[in-house]
1. Given the conditions (1) at pLDDT below 90; (2) closer than 22 Å to F7 by Cβ; (3) surrounded by 13 or more Cβ atoms within 10 Å (Cβ to Cβ), report the number of the one that I76 does not fulfil.
2. Restricting attention to region 23-67, and to residues there that are of a type in the set (S, T, N, Q) and in a helix (DSSP H, G or I), which single residue is modelled with the highest pLDDT?
3. Taking region 35-73 on its own, how many of its residues are among the hydrophobic types (A, V, I, L, M, F, W, C) and exposed (fewer than 11 other Cβ atoms within 10 Å of the Cβ)?
4. Looking at the structure I just gave you, is R17 assigned to a loop (DSSP other than H, G, I, E, B) and either at pLDDT 90 or above or of a type in the set (D, E) (or both)?
Amino acid sequence: MYHYRAFSNFLLSLRGRLEGYITLHTYSQLWIYSYSHRKFTYAPDIEDTKRVAQKAVAELEKMYGTKYKYGTGPEIICKKRKHC
């Protein structure tokens, strides 16, 4: 657990200079942001989060031609499922 605390402290030390950070662990062309545990539940800074996600996926498409979807997990994974 120490490495999580060290990483958290590092990010906090960048407060005011860091707009966001991402971890990449999937190849699904989905940009999933936080509060994905329930439909229609959003982080307090959702507008900023959406803005950053929209910019990021636009840049990825511009650079690599790959289209990404963005949103919370329930918004983009569970759209057609009833039990998400």
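1. Result: I76 fails condition (2) only.
2. Among those residues, the one meeting the criterion is Q54.
3. Residues that pass the stated criteria total 2.
4. yes
The values are calculated or read from the model by the stated rules, or taken from the named source; none is laboratory data. All figures in this text were calculated on a predicted structure; none of them were measured in a lab. Every residue, glycine among them, receives a Cβ derived from its backbone with ideal geometry; neighbour counts consider all protein chains shown.
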